[in-house]
Amino acid sequence: MLPTPDLSHLKKKDYEFIYEPAEDTFLFLDAFEDEVPFLKELNPIISLEVGSGSGCVTAFVGKILGESCCLKFCTDINPKAARATQGTAKQNQITAEVVETHLTTSLLPRLENQIDLVYFNPPYVLTPSEEVGSHSVEAAWAGGIDGREVIDEFLPFVKRLLSPKGVFYMVVVNENKPDDIREIMKQDGFDSSVVKTRLAGREKLFILKFVRSKEQQNQE
Ligand SMILES: C[S@@+](CC[C@H](N)C(=O)[O-])C[C@H]1O[C@@H](n2cnc3c(N)ncnc32)[C@H](O)[C@@H]1O
């Protein structure tokens with residue numbers, strides 16, 4: 001088990017404004033640890049975390065893949081989270097380019113089909129639609145109907161962001177209907193698998209992994 005990144009620069013007060021790493025974050029870290037052989041083989045040149053929050057996941061990815069691994073982009077809609085990610089990168093001696101933006105708006109079309117590794121622990125909690133779209137801490141969890149509103153907005157971008165060999169990982173819960181998400185991505189030319197699951201209280205968490213199907217790779 002690799003150590004969790006050093007977050008000692010973030011205090012209790014900070015977590016009133018940004019997402020405090022929780023079971024979903026730690027399941028993501030566990031999944032990435034299992035995926036090290038695949039990721040080393042992939043040898044990503046550019047990576048992107050959408051919704052980086054504290055920056056814990058990107059610091060971990062940076063550590064497990066080594067500093068030579070890649071140019072690491074992070075985005076977050078919450079300016080305090082973007083700042084926290086910058087601080088966490090520094091604290092853990094990794095480099096990351098952090099952009100405050102909605103999903104990946106500021107990165108497209110510039111980085112179209114350039115990113116080898118994309119990962120997102122999205123706001124997946126079922127809430128009224130009106131709660132979606134905040135730029136503060138509520139953005140960490142408010143997922144709207146079926147917890148799918150931010151997820152569904154992002155899915156079409158995966159095809160545009162990923163390089164031909166690229167991979168996308170995402171955290172979801174049962175209520176988000178993971179099979180339905182996998183079917184949507186299949187229509188977009190992606191094969192999928194569940195690389196990790198865990199029960200956390202009443203939540204059943206899944207880490208989904210998507211890669212372009214062979215047919216789609218051959219078309220590129
Ligand atoms: C569940 S938290 C995950 C934070 C961190 N990645 C982790 O795993 O601990 C979701 C993050 O996504 C961000 N977020 C929500 N909606 C977003 C959007 N439309 N664009 C960019 N980031 C968003 C939130 O601000 C929050 O930091």
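The values are calculated or read from the model by the stated rules, or taken from the named source; none is laboratory data. The model shown is predicted, which means the values in this text are computed figures rather than measured ones. Please note that ligands, DNA and RNA were not included when accessible areas were found on the heavy atoms of the full protein model with its side chains. Shrake-Rupley method; radii C 1.70, N 1.55, O 1.52, S 1.80 Å.
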**Asked** Quick one: Cα convex hull volume of segment 27-86, Å³ per residue?
**Response** 72 Å³
**Item:** GNM flexibility winner over the chain from 90, 63, 196 (Cα, springs under 10 Å)
**Value:** 90
**Helix-only mean residue ellipticity at 222 nm for the chain, each DSSP H run of n ≥ 4 adding -39500 (n - 2.57), per residue, nearest 500** = -9500 deg cm²/dmol
**Request:** For the chain, give the share of DSSP beta bridges that are antiparallel, in percent and rounded to the nearest 5; count only bridges with both residues there.
**Result:** 45 percent
**Asked** For segment 5-133, what D do you get in µm² per second when you plug the Kirkwood radius from alpha-carbon pairs into Stokes-Einstein at 4 °C and 1.567 mPa s?
**Response** 86 µm²/s
**Message:** Given axes a ≥ b ≥ c from the Cα gyration tensor, I'd like to know whether segment 94-220 is rounded (a/c under 1.5), prolate (a/b larger than b/c) or oblate.
**Reply:** oblate
**Fill in**
For segment 88-220, the per residue accessible area (1.4 Å probe, Å²) is 49 Å²
**Asked** Considering only Cα-Cα distances, which of the following residue pairs are longer than 32 Å: 11/177; 63/159; 13/186; 40/186?
**Response** 11/177; 13/186
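When the accessible area of segment 20-219 is split by element with a 1.4 Å probe, what percent falls to carbon and sulfur? Walk me through the numbers before you get to the answer.
Details: 4400 of 8720 Å².
Accessible surface attributable to carbon and sulfur in segment 20-219 totals 50 percent.
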**Mean projection area, nm², convex hull over Cα of the chain** = 11.2 nm²
